[in-house]
Structure formats: structure tokens, C-alpha cells
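S.K.: Got a structure for you, questions after.
The values are calculated or read from the model by the stated rules, or taken from the named source; none is laboratory data. Just so we're clear, the structure is a prediction, and the values are computed from it rather than from any experiment. Note that we place each Cβ from the backbone using ideal geometry, even for glycine, and neighbour counts take in every protein chain shown.
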Amino acid sequence: MFSAESIRIPEKLIKIGRIFSDNGYKSYLVGGAVRDMLRGNPCHDYDIATDASPSQVMEIFRNVIPTGIAHGTVTIHIFGMEIETTTFRTETSYTDGRHPDKVEYAATIEEDLSRRDFTMNAIAAELSTGKITDPFGGQDDIQKNIIRTVGNPLDRFSEDGLRPVRAIRFSGQLGFRIEEKTFAAISEKEVLKKVAGISPERFRDEFCKILQTEKPSDSLRLLEQCGILQIFIPQFSVCRGCLQQDDRGFHEFDVADHILNTCDGAPRENLIVRLAAFFHDIGKPESRTVEMINGAERIHFHGHEQISAEKAKDSMTALKFSNSEIKTVSHLVREHMFHYESSWSDSAVRRFIIRAGTENLENLFLLRLADIYGMHAVPLQENSPSWNLLSELKTRIHNLLEEKSALSIKDMKVNGTQLIEAGIPAGKTMGKILRELFDTITEFPEKNEKETLISLAKKIFREKYSC
């Protein structure tokens, strides 16, 4: 069995430990920080457990914020750090599946650790010495890369409905395997009922952390297998078993696995693109049609990007994403099916830029590369035909942007005030004329001159709108 006697405590935490001990209290580093230190990984967030009550902590430290005082938690601001500090406690039942009905302070660190979720998180290190307290074999589970609950998994999961989601997120983040009985408990009806009771925001936060793991498909498949994904993103379930492979060889996976692989192919640090990757084809089952050509099936998903964008919007709204995130992700999903060819005219490229939005171009290309990866779980090969076409489009976009082409109405060399002075009335007619002028200079950028546009505006008004 793997067992360290102690870990090296950072100097600032040792000083905090001395303040506690000088005032007659015990203090321990607990939770993820201890786990990460034991794994040899850097740590920047620290949680402390102590036998001092919240009021006593507030007495001995100068700057303390009562962030969760009802549950025995305060936050110490010291040495440029914010350290969440909780009094040793035991907990009773969790009627709401989130908060304990009653919090009672405990006498020892061992009692405190007994209420924690997983053995790997139920390890404490004394602040002054770094001495380890590990009553549930957490170090051994860390060594074996195993996630296991402290005690009976049904008991732990029935206390807090977020714990099963956290287990799956930890699995992806740490590369650990969820112990068999622990994972089996997640699929139990009573546990899923507790999970369904957590707020959309709590699931959303864990979902985003899962998407930003090295290989999100691993944890997303676990969410699907145990039934949690169906609770919060039910639109995904019909993607499983929706076949899309035909004689063209574009795909070898069903829609569900293609989506999960696409998430893997998106940049880890870019949450927006990974969200778009998850939703980009979620509308395919609804749009699927089959055509027989020379005795062979040809599968089509015409318009799936529009359906997927709406489903992305609905799902992200339900999960309380920000309006900005919903708008950006649904837009990327809607535009991800562009098909560039070298025959595109410059005006066609300009229209693409305008439709996509200059601020979305980089993410749209990243989504396209992820989508291609998702087809066969293989990255796009450099100098392949698809690679060369994307590179060519990027170059053409760059050149047009360098030319400072008019890419929005505000880029035109005439504005509404000037058109009013030229005799064009304000209102809906003005808006329609501005749009027609913009369409003209998108096709013929050389006409973006003040006098030319005023003359054209007068002509449009005279021929279409004057009585």
C-alpha cells in the first residue's frame, strides 16, 4: 500500500498554521490541494479544516469574510491569498440533495474527513508539520488511479446530487477510473433522482469543466451511460444509434460518437469551440433522410445546422449560460457547414466574412478542424485537399481584411445623416436603402465612395419608394 507520512507545506501556509497553533487551535490542509500535492502536481487553491469555530477564526485573523458561516465556513484573506476555512464538522441527512439539514461541529479531523465525498479527497495534512491523516486509504486509491466514495456510495450520493457528476468530472480531469461499485451506484434510480434535483447552474459548471479536460469524450460517455446526460441535455440521446455512414466514406461513427470525437478534436483551452463541437450536429437525427442511388443508400442531413443551432440555444438557455455564450455558440453551429471552393469570387468571400463575423472566423475554422477530426478520430492531414482549401480561404480572408473592405454598414462611406441631407427620408425606407447600398459595395467594393453612394441612393429611392 502506498502511504506518505507527510507532504511539504508551502511556507505561507505554515505561517497560517502557526497562527492557529499559537492560539490553541489545530489546522489542516484538506481536499484537492492534498490530493494534487501527493500526485506531484502544482496547487494554487487551498482549503483549511480547523477545530476553531467560525467566530474564533474571525477573532484570530484580521481579514475574514463569513462566506458560508451557516455551514461553518469563512474565507481568510492573508498573504495575498483567499483561503476557505471550515470548522471540523459532521453532517446529518440532505433533504434537498445539496445542503445538510443540520451541521454539527466535530472534535477531530478524522470525523471531519468521514463526511467527504471520495477517498482521494478525504486526506488531511497538518499545516505546521505536513503530517498526513488518511483514515480511508485515499493515498492507495490515488496510487491506483481510482475514484471511490468514502463509505457506501449510495449514502454519499444521496447526500449531494452533484457528487456523481463530480466523480465523472474527476475521472476525466485526473485520468482516474471510477471504482465499479461507485459507478454502479450512480445509475441507481434514487441517485439519479437526487442528481435531477441539482440546479442547472451546478451541472453547467461541471459540464464545462468536463469539456475542458484533455479528452472530454471519456467523461461525456460516462454521463451518457449512467443517465445523467439525458437529465440535463435530453436532445443528445437520439444521436445515439443515428447512423450516417454511406458509400461516400465521410463518416464511420454514429452521430453521438461523431459529436464526442469532435469535442476531443477542439482546442482544450477554448470552451466556446468545445461547446459548439458538442452541439454542432445535435440536430442531425431530426433532419436525416435516405436516398437510394444505384441500389446504395445515400444519407443526407439537409438543414441540420439550423436545427442544431436552435437545439444549442434551447439547451444552453436551460443550463443558464450567458446570453453572449448562447449567441456565439449557436451562431458557430449555424455557420459550421460552409463549403469553400477555389472558384469563389472575392465578393463571395466577403459575403462569407460578413455572414460569419470577423470576430468568429478563428473559432469557426477551429470548429471545422474539430468536425473533420470527429469523422474518423484522425486530425486533418497537412497539405491534404481539405487542408489546402482551408489555408487558401484563410489567405483570401486575410488579404481582403488587409484591403479594409467594407464588411458592415458602418464601413460604408455614407451614413444616414448624409442620406437625409440628400433627401432620403428616415425610417424603414432608409434602412432598406442602406442595406441595398451595402449589398452593392459587397459585390463592387470600388463603389464605396460618398458621392457614388449618394447618387445610387437617390436612384433607388426614386425608382422604388417615391410616389
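S.K.: Here is a list: V333, V273. Which entry is crowded, with 18+ Cβ neighbours inside 10 Å, in contact with a Pro (Cβ under 9 Å, 6 or more places away or on another chain) and more than 23 Å from Q225 (Cβ to Cβ)?
M.R.: Numbers: V333 fails: in contact with a Pro (Cβ under 9 Å, 6 or more places away or on another chain).
Testing whether each residue is crowded, with 18+ Cβ neighbours inside 10 Å, in contact with a Pro (Cβ under 9 Å, 6 or more places away or on another chain) and more than 23 Å from Q225 (Cβ to Cβ) leaves just V273.
S.K.: Checking the condition buried (at least 16 other Cβ atoms within 10 Å of the Cβ), under 26 Å from the mean Cα position of the chain (by Cα) and over 25 Å from R268 (Cβ atoms), which residue from D218, D140, D160 passes?
M.R.: Testing whether each residue is buried (at least 16 other Cβ atoms within 10 Å of the Cβ), under 26 Å from the mean Cα position of the chain (by Cα) and over 25 Å from R268 (Cβ atoms) leaves just D160.
S.K.: If M337 satisfies all but one of (1) part of a helix (DSSP H, G or I); (2) under 17 Å from K311 (Cβ atoms); (3) touching a residue at least 24 places away in the same chain (Cβ under 8 Å), what's the number of the condition it fails?
M.R.: Condition not satisfied by M337: (1).
S.K.: So, one more: Mind listing whichever residues of the range 400-459 are under 17 Å from I353 (Cα atoms) and of a type in the set (S, T, N, Q)?
M.R.: Scanning the range 400-459 gives S405, S408, T440, T442.
S.K.: Also, quick follow-up: Of the conditions (1) basic (K, R); (2) surrounded by fewer than 16 Cβ atoms within 10 Å (Cβ to Cβ); (3) in contact (Cβ under 8 Å) with a residue 40 or more places away in the chain, R177 fails just one. Which one is it?
M.R.: For R177, the exception is condition (3).
S.K.: Against the definition (assigned by TED's automatic domain parsing to the domain that holds R116, hydroxyl-bearing (S, T, Y) and either assigned to a helix (DSSP H, G or I) or under 19 Å from T108 (Cα atoms) (or both)), how does T86 come out, yes or no? Spell out how you get there, then give the answer.
M.R.: Values: assigned by TED's automatic domain parsing to the domain that holds R116: yes; hydroxyl-bearing (S, T, Y): yes; either assigned to a helix (DSSP H, G or I) or under 19 Å from T108 (Cα atoms) (or both): yes.
So T86 passes the test.
S.K.: A further question on this structure: Which condition does S342 not pass, out of (1) among the hydroxyl-bearing types (S, T, Y); (2) closer than 19 Å to G265 by Cα; (3) not in a helix (DSSP H, G or I), if it passes all the others?
M.R.: Of (1) among the hydroxyl-bearing types (S, T, Y); (2) closer than 19 Å to G265 by Cα; (3) not in a helix (DSSP H, G or I), only one is false for S342: (2).
S.K.: Further question: Would a scan of the range 236-259 turn up a residue that is part of a loop (DSSP other than H, G, I, E, B) and either within 13 Å of the chain's Cα centre (by Cα) or aliphatic (A, V, I, L, M) (or both)?
M.R.: Yes - at least one qualifying residue is present in the range 236-259.
S.K.: Additional query: I'd like to verify a number: residues in the range 161-191 that are of a type in the set (D, E) and either outside any helix (DSSP H, G or I) or under 9 Å from I147 (Cβ atoms) (or both), how many?
M.R.: 2
S.K.: A further question follows. If you scan the range 106-127, which residues turn out to be assigned to a loop (DSSP other than H, G, I, E, B) and buried (at least 20 other Cβ atoms within 10 Å of the Cβ)?
M.R.: A106, R116, D117, A122, I123, L127
S.K.: If you don't mind, another one. For a quick check of your reading: which helices (runs of 4 or more DSSP H) sit entirely within the range 1-79 and have at least 2 residues that are loosely packed, with under 13 Cβ neighbours inside 10 Å?
M.R.: 11-22, 54-60
S.K.: Of all residues in the range 272-331, which are farther than 28 Å from R248 by Cβ and aromatic (F, W, Y)?
M.R.: F321
S.K.: Can you tell me which residues in the range 12-42 are free of Cβ contacts under 8 Å to residues at least 24 places away in the same chain and farther than 19 Å from A106 by Cα?
M.R.: D22, A33, D36, G40, N41, P42, listed by residue number.
S.K.: Looking at F438, F365, which is the one that is surrounded by 14 or more Cβ atoms within 10 Å (Cβ to Cβ), touching a residue at least 24 places away in the same chain (Cβ under 8 Å) and farther than 30 Å from D254 by Cα?
M.R.: F438
Conditions tested, residue by residue: (1) more than 30 Å from D281 (Cα to Cα); (2) touching a strand residue (DSSP E or B) at 6+ places or on another chain (Cβ under 9 Å); (3) assigned to a helix (DSSP H, G or I).
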position: I372; (1), (2), (3): no, no, yes
position: Q381; (1), (2), (3): no, no, no
position: E392; (1), (2), (3): no, no, yes
position: I420; (1), (2), (3): yes, no, yes
position: T429; (1), (2), (3): yes, no, yes
position: K464; (1), (2), (3): yes, no, yes
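S.K.: Identify the residue in the range 287-315 that is outside any loop (DSSP other than H, G, I, E, B), touching a helix residue (DSSP H, G or I) at 6+ places or on another chain (Cβ under 9 Å) and touching a residue at least 40 places away in the same chain (Cβ under 8 Å) and, among all such residues, is surrounded by the fewest Cβ atoms within 10 Å (Cβ to Cβ).
M.R.: D314
S.K.: Quickly run through the range 260-270 and pick out the residues that are under 11 Å from the mean Cα position of the chain (by Cα) and either surrounded by fewer than 18 Cβ atoms within 10 Å (Cβ to Cβ) or not in a helix (DSSP H, G or I) (or both).
M.R.: Scanning the range 260-270 gives R268, E269, N270.
S.K.: Another one. For the range 315-347, name all the residues that are over 18 Å from the mean Cα position of the chain (by Cα) and closer than 18 Å to G283 by Cα.
M.R.: Initially, the range 315-347 is screened for residues over 18 Å from the mean Cα position of the chain (by Cα), giving 334-347.
Selection gives R334, E335, H336, M337, F338.
S.K.: May I ask you to verify whether E392 is of a type outside the set (S, T, N, Q), more than 27 Å from S455 (Cβ to Cβ) and at pLDDT below 90? Let's see the steps before the verdict.
M.R.: Numbers: of a type outside the set (S, T, N, Q): yes; more than 27 Å from S455 (Cβ to Cβ): yes; at pLDDT below 90: no.
So E392 fails the test.
S.K.: Check off (1) closer than 25 Å to F136 by Cβ; (2) more than 33 Å from the chain's Cα centre (by Cα); (3) of a type in the set (A, V, I, L, M) for A49 and give me the number that stays unchecked.
M.R.: (2)
S.K.: I would also like to ask the following. Here are some residues: V195, V165, V150, V191. Which one is aliphatic (A, V, I, L, M) and touching a Lys or Arg at 6+ places or on another chain (Cβ under 6 Å)?
M.R.: Values: V195 fails: touching a Lys or Arg at 6+ places or on another chain (Cβ under 6 Å); V165 fails: touching a Lys or Arg at 6+ places or on another chain (Cβ under 6 Å); V191 fails: touching a Lys or Arg at 6+ places or on another chain (Cβ under 6 Å).
Just a single option satisfies the conditions, and that option is V150.
S.K.: Something else: Scan the range 368-392 for residues that are buried (at least 16 other Cβ atoms within 10 Å of the Cβ) and at positive phi and jot them down.
M.R.: A377
S.K.: Here's a check for you: in the range 221-259, which residue that is in contact with a Pro (Cβ under 8 Å, 6 or more places away or on another chain) and surrounded by fewer than 20 Cβ atoms within 10 Å (Cβ to Cβ) is modelled with the lowest pLDDT?
M.R.: Of everything passing the filter in the range 221-259, C242 is modelled with the lowest pLDDT.
S.K.: Just to verify a result, which residue in the range 185-211, among those that are more than 14 Å from R166 (Cβ to Cβ) and crowded, with 17+ Cβ neighbours inside 10 Å, is nearest to the chain's Cα centre (by Cα)?
M.R.: Across the range 185-211, the extreme among qualifying residues is L211.
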